[in-house]
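First the structure, in the form of structure tokens, and then the observations on it.
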Amino acid sequence: MDAIVARARKGSADPAKDSRALAAWAPLNSRLEKMTAELSALASAGKRQALMEASEMIQELKVALFAAGEVRAQGKISESRMKKKLDEIQMML
């Protein structure tokens, strides 16, 4: 919630920075959404748990990219960590 407030207060002070952040975040988010949509109803609890963890990670990445400096993401998160997590899930599916 703090990230949303910080983002709203800050507005779009640096549109170029926002564009770079969106360019980094959007493809990862789309990939996660696609995996989630394609998940079989018979998928194992492990697969569902992995997708749930990735969903939390993508939100933390969003905080790290868009509200950096004002709100800290919980845990270590980066584009490369997110890509690695999505690759692991892809191998499970």
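The values are calculated or read from the model by the stated rules, or taken from the named source; none is laboratory data. Since we're looking at a predicted model, the values are computed, not measured. Here the Cβ is made from the backbone with ideal geometry for all residues, glycine too, and neighbour counts use every protein chain on show. Calculation scope for accessible area: heavy atoms of the full protein, side chains included, ligands and nucleic acids excluded. Shrake-Rupley method; radii C 1.70, N 1.55, O 1.52, S 1.80 Å.
Restricting region 12-36 to residues that are among the acidic types (D, E) and in a helix (DSSP H, G or I), which is least open to solvent (accessible area, probe 1.4 Å)?
Among those that are among the acidic types (D, E) and in a helix (DSSP H, G or I), it is D18.
Among the residues of region 37-58, count how many are open to solvent by less than 90 Å² (accessible area, probe 1.4 Å) and within 20 Å of I77 (Cα to Cα).
7
When you look at Q90, is it in contact with an Asp or Glu (Cβ under 7 Å, 6 or more places away or on another chain), open to solvent by 90 Å² or more (accessible area, probe 1.4 Å) and over 20 Å from L22 (Cβ atoms), yes or no?
no
In region 59-87, how many are under 18 Å from A23 (Cα atoms), in contact (Cβ under 8 Å) with a residue 40 or more places away in the chain and open to solvent by 70 Å² or more (accessible area, probe 1.4 Å)?
3
If a residue must be under 15 Å from E88 (Cα atoms) and basic (K, R), how many such residues does region 35-67 contain?
2
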